[in-house]
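Read the structure below first, then the notes.
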């Protein structure tokens, strides 16, 4: 279904992921402490949501056309619906195929890159957005690897961006944290097309009445679209994406998970041990506990 | 700079009505709301009335919003209105339903997050067709006039111009303060209202209060529950919640400060109220600490999930509409099946996890606000240059005995202001003589304004009739002469006429006194009341728990500054702030934290502003 | 027989020639791993540092002292600041260059490195992703434990269900931040005839602060190889317009511990804050405050005031949410809002004279006492017990 509010000026896409909802009341664990995915509610990943917000900025400010894509099983459709609610997407893609199962980031990036090329308009997408990382996998690799396969300039940790539609350049601010040094806010300029990985602290900012009104207008449109999201949805498999099956799923994954061990971490309210602050012996033990806790991640 | 014909500041019921009316008149207007969305910062008692006065006309909600009667974004239509005099476990009840129905088309219990949300949806859709709309998350910082243009500056967006402004920013109106249009309200002019939303499944409410599916009950309380303050408690039935709260004269609270949460607790502890609000609650059992950590955690999450399921299923089971939905969705074949599943889950919890099911009540949201008493502080000329003041911002709340109205007044004001502005746009004349004065005259003509200035003898008669059963000796002692006077029709007319000439303010101290709200009701209850037994002791959340339940988007920039840390007024704020924002450090009153719910109780002696756009408290119910 | 895949390439991060700590940590771990590797397999594979930048010659020497056997550097004004596109291409060129590898090892077969390390920080995480996409191999990120092993693997796809021996496999352990799983990742060749493919280098990005650098040994020597990069005209259009150092005087994220103070300092605020700062210094903790403190309720010197009583240090719903391994709350009663900002910390210790304060239900150890009395004693014990980090051989 073609949208009615597009401009040929700017085309953007967002890649998102459906992730487990870790909040209490929604999450379920197995007897062995591992996540029981079947019983746990799934939601649009929080970082994916921020990426959708970033894309929405492009729609409000530049009238951009927005496509959202995700690789996943059929239930991942709900991630697309939630994303459409956030960014008034004009087009939704679900890349789904049993062959995709077990994919690591490289194999996933292969699918996503093919998916972007299937966006309406011959896949001429100017900006692709992704979140910083997924809350369950958390590698943060898929975005940059997709960018690389697309041949787009990769800009990570973006906290702000604007586009010059005439010169076809994007100007972005990036927040770079250097361990042991300081933080740097870098202003960088790059020709389109680019791939933007959005920093978790990104907040879209609309600074005039007219932009705010446009925001409301598109939000409203987003709500009505999301109710009928299936009309905007294209489901694509390996063949439709035109990918070599050897490059996707487990076959196309260099890495595998070899083993998994459980680390129980009680996040519950605590029952504390009360000790007398004047008792040297007890303080000795506390000091030892502290070092033990701090040393937890250091190879002794 | 962008410019717009009309800027309405504040997205409460009044502002939204103004926006809708302007759109109805094909005028472009924008509404600026500080909250994340309109409705998120509003809280009301509350009941929304539609009136049909004998003289004059009020602009009712269904006049402004044609879809209102169809969509009914409201809770229940109030069909019972009772006043209870309380003393310990004794209660004397008077049926005041006639007072509630007096000159009214209807009165619906409402929750403002839903109601104003609906108003906003309607108003913004209409406004957008005129090239305007609602801008939320923006807080107006200042307003000034430059070369015939009114420039509005905000914390969030670039300044813009407007030709006319409607100030609908509530009892703590910053527009009033920054322009000097009126002085800040003082305690004698205000009431402080506090309330909690209590959860109670839909059909249990209907059984408990003896009402049908679309009916509602309003219960008012006076007597010992007031803790000797002037005002009273209330309990309104919503669809599947109850609004339980109290409203007291702010100067009466200043005289003998009680914490707002203590006042609402006094109400909850009253046996009649306790019995009204009780429900079945699941209580988690302590998890065995000897189990391995993983098992403890798994158990904790499993119990949480099951209890959540139990609650959801139970709420659905007790709701006609929800039961239907569940069966239609195919998840369950019949109501019996739902009941069976509910019992099964309850059984699982009880046997596997030792969860207990006890009688108690469940609070969902705590809130408080100040309400202006129109009799004492309604702006005589509610305008300043090209700014028209409406609703609470203009001090126009109605308080007459048990009759408390603000929402309908705000809507009426909003429409009148919109009409005045529309005329001004047509003539391109926004001067005070043309726009301000015409609005002011329209306000004068409003029946609500009349109610703020005169006693309505027919309304008075209703009370006298309702008080028929009250033993004469109790009333007679104090009001004997007056009572005899008022009971006779002709004399009553004369007396009221005389009283109205004398002026409301002379009479008020007599009527709005501790006698009326505290002593007389207590005596009534003691001497003639029936006994009510509470079957359990409510577990009342601490103020800390109530605050923790509220949702905030905290602003790093402070919005309150204490001007005089040693003043008597500020010392009282330590008690009177509904969220304990103040504490004593040494001899000074300091701001402890800013879990502020923006009621404005401390506004008089602080540099008080609303938080910046989107920041501050976010009410779920309102 | 020489392998096509040799050596461990470590991509170094630095700021104008000063190495970022994780760079030296990676070299340390690389050194330890390859010493073990060479001994076990009787080989002579190298730890090779890769440096991109401008005026970085001096850094190269330093890297040898910290464990590199060789350093490959590309020095060019265009490489002064990190730009993902250009860096990825240059590093990939270097990784594929047999000519360069020949400069520090005997090799006629060299195709790509065997292993590669990157730092898991703002730059390294993305750079590692794109480099490995370019080199078409596998990457595991946020690693905090590494072991090289010969493994017998039976995998539906990779080995078509047969048991096969994979030698010299890098086991990469990563903690799952949802709090439950420690996952081991392997990057393995596909030996299934249907999908045969070699995947090298086996690469990972390493969590800063986990491993320890070796003691710099100024007697170490190694080859320092200058690489002349090739740039694509188009790539140079990506320009850095401005770089502003943001004075985040407060950095909770990179500290394993946080010490916060609240109104309990009131009896002698200046003195108490200094004590708290000392405690923080001892365990390398960042200092946080409760919200009331940011309103500056107590008189202190200007220095203390501007350093500590600032909004950036507030922990709670009005400020930062932190979850360090160790959280010490000094003189904090435990207001709801503060608790919400730190309750996910690993281990919580509270110091407070009032056993009835709410924080008692939110901590693991409650030290009852005034901070004036407790902190000096605690400091004494901490100093006595300061651990020495031993290296696993």
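The values are calculated or read from the model by the stated rules, or taken from the named source; none is laboratory data. Computed from a predicted structure; not experimentally measured. Positions of Cβ are generated from backbone atoms using ideal geometry, with glycine treated the same way; all protein chains shown enter the neighbour counts.
Just wondering, is there one or more residues in the range C:182-195 that are modelled with pLDDT of 90 or more and farther than 30 Å from residue C:162 by Cα?
No: zero hits.
Mind counting the residues in the range A:201-234 that are touching a residue at least 24 places away in the same chain (Cβ under 8 Å), surrounded by 15 or more Cβ atoms within 10 Å (Cβ to Cβ) and in contact with a helix residue (DSSP H, G or I) (Cβ under 8 Å, 6 or more places away or on another chain)?
Number satisfying all stated conditions: 13.
Looking only at the range B:35-49, decide whether some residue is more than 30 Å from residue B:454 (Cβ to Cβ), touching a helix residue (DSSP H, G or I) at 6+ places or on another chain (Cβ under 6 Å) and within 14 Å of chain A (Cβ to nearest Cβ).
Checked the range B:35-49: at least one residue is more than 30 Å from residue B:454 (Cβ to Cβ), touching a helix residue (DSSP H, G or I) at 6+ places or on another chain (Cβ under 6 Å) and within 14 Å of chain A (Cβ to nearest Cβ).
Residue B:153 is checked against (1) crowded, with 23+ Cβ neighbours inside 10 Å; (2) touching a strand residue (DSSP E or B) at 6+ places or on another chain (Cβ under 8 Å) and fails just one. What number does that condition carry?
The number of the failed condition is (1).
If you go through the range B:113-131 one residue at a time, do you hit one that is at positive phi and buried (at least 17 other Cβ atoms within 10 Å of the Cβ)? First the steps, then the outcome.
Within the range B:113-131, the first condition is being at positive phi, and the residues that meet it are B:131.
Going one step further and asking which of them are buried (at least 17 other Cβ atoms within 10 Å of the Cβ), we end up with none.
No.
Across the range B:29-52, what is the number of residues that are in a loop (DSSP other than H, G, I, E, B) and within 27 Å of residue B:424 (Cβ to Cβ)? Full working, then the answer.
Our first condition is that a residue be in a loop (DSSP other than H, G, I, E, B); within the range B:29-52, this holds for B:34-46, B:52.
Now restrict to residues that are within 27 Å of residue B:424 (Cβ to Cβ): B:34, B:38.
Matching residues across the range B:29-52 total 2.
Would you confirm whether any residue within the range B:266-274 is modelled with pLDDT of 95 or more, part of a helix (DSSP H, G or I) and out of contact with any helix residue (DSSP H, G or I) (no Cβ under 9 Å at 6 or more places or on another chain)? Even if it seems obvious, please write down each step before you answer.
Here is the first cut: in the range B:266-274, the ones modelled with pLDDT of 95 or more are B:266-274.
Keeping just the survivors that are part of a helix (DSSP H, G or I) gives B:266-269, B:271-274.
Then drop every residue that is not out of contact with any helix residue (DSSP H, G or I) (no Cβ under 9 Å at 6 or more places or on another chain), which leaves B:271-272.
Looking through the range B:266-274, at least one residue is modelled with pLDDT of 95 or more, part of a helix (DSSP H, G or I) and out of contact with any helix residue (DSSP H, G or I) (no Cβ under 9 Å at 6 or more places or on another chain).
Among the residues of the range B:427-439, is any within 30 Å of residue B:109 (Cα to Cα), touching a residue at least 24 places away in the same chain (Cβ under 8 Å) and in a helix (DSSP H, G or I)?
First, pick out the residues of the range B:427-439 that are within 30 Å of residue B:109 (Cα to Cα): B:439.
Within this subset, residues satisfying the condition of being touching a residue at least 24 places away in the same chain (Cβ under 8 Å) are B:439.
This time we only want the ones that are in a helix (DSSP H, G or I), so: B:439.
Yes, the conditions are met somewhere in the range B:427-439.
Being part of a strand (DSSP E or B) and at the interface with chain A (Cβ under 7 Å from one of its Cβ atoms) is the filter here; which residues of the range C:352-380 pass it?
Passing the criteria: C:365, C:366, C:367, C:368.
Need a quick list: strands (runs of 3 or more DSSP E) entirely within the range C:191-309 having at least 1 residues that are within 11 Å of chain A (Cβ to nearest Cβ). It would help to see each step written out before you state the result.
Details: elements: C:202-206, C:223-226, C:239-246, C:257-261, C:285-289.
Output list reads C:202-206, C:239-246, C:257-261, C:285-289.
Among the residues of the range C:152-161 satisfying the criterion of being in contact (Cβ under 8 Å) with a residue 12 or more places away in the chain and farther than 16 Å from residue C:199 by Cα, which is surrounded by the fewest Cβ atoms within 10 Å (Cβ to Cβ)? It would help to see each step written out before you state the result.
Within the range C:152-161, the first condition is being in contact (Cβ under 8 Å) with a residue 12 or more places away in the chain, and the residues that meet it are C:152-153, C:155, C:157-160.
Going one step further and asking which of them are farther than 16 Å from residue C:199 by Cα, we end up with C:152, C:160.
Values: C:152: 10, C:160: 15.
So the residue we want is C:152.
Could you tell me whether the range B:338-356 includes any residue that is assigned to a loop (DSSP other than H, G, I, E, B), more than 22 Å from residue B:284 (Cβ to Cβ) and in the same structural domain as residue B:303 (by TED's automatic domain parsing)?
From the range B:338-356, those assigned to a loop (DSSP other than H, G, I, E, B) are B:354-355; that's our starting set.
Imposing the further condition that a residue be more than 22 Å from residue B:284 (Cβ to Cβ) reduces the set to none.
No.
Looking only at residues in the range B:156-175 that are assigned to a loop (DSSP other than H, G, I, E, B) and away from chain A (no Cβ under 14 Å), which one is surrounded by the most Cβ atoms within 10 Å (Cβ to Cβ)? Please lay out each step first, then the result.
Filtering the range B:156-175 for residues assigned to a loop (DSSP other than H, G, I, E, B) gives B:156-159, B:168-173.
With the extra rule that they be away from chain A (no Cβ under 14 Å), the set shrinks to B:168-173.
Working: B:168: 33, B:169: 29, B:170: 27, B:171: 25, B:172: 22, B:173: 28.
Per the stated criteria, the residue is B:168.
Taking residue A:40 as meeting all but one of (1) at pLDDT below 90; (2) crowded, with 18+ Cβ neighbours inside 10 Å; (3) more than 14 Å from chain B (Cβ to nearest Cβ), write down the number of the exception.
In the conditions (1) at pLDDT below 90; (2) crowded, with 18+ Cβ neighbours inside 10 Å; (3) more than 14 Å from chain B (Cβ to nearest Cβ), residue A:40 misses (3) alone.
Among the residues of the range B:298-344, how many are more than 14 Å from every other protein chain (Cβ to nearest Cβ) and out of contact with any helix residue (DSSP H, G or I) (no Cβ under 9 Å at 6 or more places or on another chain)?
Going through the range B:298-344 one residue at a time, the tally reaches 8.
For residue C:122, all conditions in the list (1) farther than 21 Å from residue C:4 by Cβ; (2) at the interface with chain A (Cβ under 8 Å from one of its Cβ atoms); (3) surrounded by fewer than 20 Cβ atoms within 10 Å (Cβ to Cβ) hold save one; what is the number of the exception?
Among (1) farther than 21 Å from residue C:4 by Cβ; (2) at the interface with chain A (Cβ under 8 Å from one of its Cβ atoms); (3) surrounded by fewer than 20 Cβ atoms within 10 Å (Cβ to Cβ), residue C:122 violates only (3).
Looking only at the range A:131-158, filter to residues that are assigned to a strand (DSSP E or B) and within 11 Å of chain C (Cβ to nearest Cβ); which one of those is surrounded by the fewest Cβ atoms within 10 Å (Cβ to Cβ)? Outline the logic, then answer.
To start, the set of residues in the range A:131-158 that are assigned to a strand (DSSP E or B) comprises A:153-158.
Then drop every residue that is not within 11 Å of chain C (Cβ to nearest Cβ), which leaves A:153-157.
Working: A:153: 23, A:154: 28, A:155: 28, A:156: 27, A:157: 25.
So the residue we want is A:153.
Go over the candidates C:148, C:185 one by one and state the one that is touching a helix residue (DSSP H, G or I) at 6+ places or on another chain (Cβ under 8 Å), in a strand (DSSP E or B) and crowded, with 18+ Cβ neighbours inside 10 Å. Walk me through how you get there before you give the answer.
Working: C:185 fails: touching a helix residue (DSSP H, G or I) at 6+ places or on another chain (Cβ under 8 Å).
Among C:148, C:185, only C:148 is touching a helix residue (DSSP H, G or I) at 6+ places or on another chain (Cβ under 8 Å), in a strand (DSSP E or B) and crowded, with 18+ Cβ neighbours inside 10 Å.
Given the conditions (1) at pLDDT below 90; (2) at the interface with chain A (Cβ under 9 Å from one of its Cβ atoms); (3) within 27 Å of residue B:584 (Cα to Cα), which single one is not true for residue C:385?
For residue C:385, the failing item is (3).
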